[in-house]
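Colleague: Quick one: the structure is below, questions incoming.
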Amino acid sequence: MKQGYEKYIPFQPVALPDRQWPDKIIEKAPIWCSVDLRDGNQALVNPMNLEEKLAFFQTLVDIGFKEIEVGFPSASETEYEILRTLIDRRLIPDDVTIQVLVQARPHLIHKTFEAIRGAKNVIIHFYNSTSTLQRKVVFHTDMQGVIDIAVEGARLIRQLTEEEAARSGANIRYEYSPESFSGTEIDNAVLICQKVIEELGATPEKKVILNLPNTVEMATPNCYADQVEYFCRHLPGRDCAIVSIHPHNDRGTATAATELGLMAGADRVEGTLFGNGERTGNADIMNVAMNMYSQGVDPKLDFSNLKEIREMYERCTEMKVGERHPYAGELVFTAFSGSHQDAIKKGLDYQREHDSEYWEIPYLPLDPADVGRAYEPIIRINSQSGKGGAAFIMQQNFGYDMPKAMHPEFGAVVKAACDAAGRELQPQEVFDLFQKEYLDVCEPYALKSYKLYEENHVGQDTQVHFEGNLYFQGQGHTVSGVGNGPIDAFFKALQTVGITDYTFQSYHEHAVSQGADSQAISYIQLRTPQGGIVFGVGIDPNISLASIKGIVCAINRAEAQKK
């Protein structure tokens, strides 16, 4: 036996030089069929119990699935139980069709028809394996042998369907899968499906679902798309069939295979939530649907409460949705990188300023609110975060809109705290740093009392008077000054006690809450005696006092930096 990579046989692509699918785009949702309760459930370490299956079924209905495969009732008592419970408790909405799986074997087909009695809308999904490999090593037969199995199964299913429809009026539809389609010679796949739809008497008015499973993902997604397009082109009676695809994820490209399969002509998709299934799983219907949604296509499925859907899934399956799982993972709307954080913040600012009807935010292809996520956790702070990340947290979580020039200063404070902690910081911890660095600073200077008033003289500019008590060096000092505004007057007052070397640079102010009880916050930028830049922050219901508190804060911080 050959060793290593040499022992693997490469996939032989379909000859389709005039393929059309690369020029197609997805413009509408396919028919969706969830196979969570069968494919998904059989792949669990601990299969779901009845109540978990019922909860899962209801969630699928709420999401908007109209076709749901509920099990293989002829093969398992537990799968028979869920089917009968759904029927007997009348839990299946009239617009939802349940799908049941069965091998193309007579005794299993008979048992399946017993199991579905009482259901209004049913898809009988029968299959047999057709691949070259399975014919060789499992069934020891030729292609005609597997065609005979499929045709005989189709004949019996049609007979039992007609009998049941006459008896109960049930709406029963057909689905056939040449299992391991992707490993079957393409012309043989076309031939067996042709024979099946002929046996079932399919018409354009009563189509048969022909499901093309990528049971084992064997090649790149473009090869699967070629197979699907070839099949659609060469199938006699294509107008009598709904072409369905059922991709698996052995190569990690099930989403791509699904999308390319739709571009290649498929009408329907079978898959599971979050891609649960045998081995590496099935196609993730949520992923494919939200990809459509993010391109302006209505997927006809509702994932606006994705967090709750994920919680149900994890509870019922005991599986974990990865933190980086598209759209649903805990971290997918999170940015640690400083440049990403800055771009996201600017994008959100632009969105607000321009009231744009389109979502155009760098690094966020989807509005988190559309899947039930909030903006608050978009940016998280760790030692890799940039200067804009901390500012974004302060703005989004607490309403503090720091001027851009202040971002590097506070960003350095937060980065040092992250380095010291050795982990990311939560928003409240970022706020606590801001509080300690700016709002709690009260030494060496503290303003104990103040009075501001204006003097107006005819023909002269208004003069603002400041009088106050500034506490430092263990005692209070009366200070006063006159200027053309509150800030100028306060600087003149500081000069009376020898504080003369700080130069006012700029200030930025805004309200931190709305209404009559709102607080004003002022960000003051000063140049220090050493020529550096320092910021101070003041908060007060009175905007003038907020600015004065900000000056005192900046001077205190500058004095502390000298030590």
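Colleague: Select from region 454-473 the residues that are open to solvent by 80 Å² or more (accessible area, probe 1.4 Å) and either over 56 Å from the mean Cα position of the chain (by Cα) or free of Cβ contacts under 8 Å to residues at least 24 places away in the same chain (or both) and list them in ascending order.
Modeller: Glu454, Asn456, His457, Val458, Gly459, Gln460, Asp461, Gln473
Colleague: Then there is this: Go through region 486-503 and report how many residues are in a loop (DSSP other than H, G, I, E, B) and either in contact (Cβ under 8 Å) with a residue 24 or more places away in the chain or open to solvent by less than 30 Å² (accessible area, probe 1.4 Å) (or both).
Modeller: So the count comes out to 4.
Colleague: May I ask you to list the residues in region 218-247 that are farther than 30 Å from Gly201 by Cα and not in a loop (DSSP other than H, G, I, E, B)?
Modeller: Pro221, Asn222, Cys223
Colleague: Taking region 209-248, which residues are open to solvent by 40 Å² or more (accessible area, probe 1.4 Å) and closer than 21 Å to Trp32 by Cα?
Modeller: First, pick out the residues of region 209-248 that are open to solvent by 40 Å² or more (accessible area, probe 1.4 Å): 216, 218, 220, 222, 233-234, 236, 238-239.
Correct list: Val216, Arg238, Asp239.
Colleague: Would a scan of region 111-130 turn up a residue that is in a helix (DSSP H, G or I), touching a Leu at 6+ places or on another chain (Cβ under 7 Å), open to solvent by less than 40 Å² (accessible area, probe 1.4 Å) and at pLDDT 95 or above?
Modeller: yes
Colleague: A follow-up question, please. From Gly531, Gly481, Gly476, grab the single residue that is touching a helix residue (DSSP H, G or I) at 6+ places or on another chain (Cβ under 9 Å) and either open to solvent by 50 Å² or more (accessible area, probe 1.4 Å) or not aliphatic (A, V, I, L, M) (or both).
Modeller: Every option except Gly481 fails the conditions.
Colleague: Could you tell me which of the residues Ser506, Ser522, Ser547, Ser513 is in contact (Cβ under 8 Å) with a residue 60 or more places away in the chain and either in a helix (DSSP H, G or I) or crowded, with 20+ Cβ neighbours inside 10 Å (or both)? Talk me through it step by step, then tell me what you get.
Modeller: Working: Ser506 fails: either in a helix (DSSP H, G or I) or crowded, with 20+ Cβ neighbours inside 10 Å (or both); Ser522 fails: in contact (Cβ under 8 Å) with a residue 60 or more places away in the chain; Ser513 fails: either in a helix (DSSP H, G or I) or crowded, with 20+ Cβ neighbours inside 10 Å (or both).
Just one listed residue meets the conditions, Ser547.
Colleague: Only one residue in Lys206, Lys195 is part of a helix (DSSP H, G or I), open to solvent by 40 Å² or more (accessible area, probe 1.4 Å), at pLDDT 95 or above and not acidic (Asp, Glu). Which one?
Modeller: Only one candidate passes the filter, namely Lys195.
Condition check ((1) under 21 Å from Phe11 (Cα atoms); (2) at pLDDT below 95; (3) in contact with a strand residue (DSSP E or B) (Cβ under 6 Å, 6 or more places away or on another chain)) across all residues:
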site: Gln227; (1), (2), (3): yes, no, no
site: Pro247; (1), (2), (3): yes, no, yes
site: Arg251; (1), (2), (3): yes, no, no
site: Asp267; (1), (2), (3): no, no, yes
site: Glu278; (1), (2), (3): no, yes, no
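Colleague: For His246, work out the one condition from (1) within 21 Å of the chain's Cα centre (by Cα); (2) closer than 24 Å to Glu318 by Cα it doesn't fulfil.
Modeller: (1)
The values are calculated or read from the model by the stated rules, or taken from the named source; none is laboratory data. Note that the structure is a prediction, hence the values are computed from the model and not measured. Don't worry about glycine lacking a Cβ; one is built from the backbone with ideal geometry, like all the others, and counts go over all protein chains shown. What goes into the accessible areas is simple: the full protein's heavy atoms, side chains included, and nothing from ligands, DNA or RNA. Shrake-Rupley method; radii C 1.70, N 1.55, O 1.52, S 1.80 Å.
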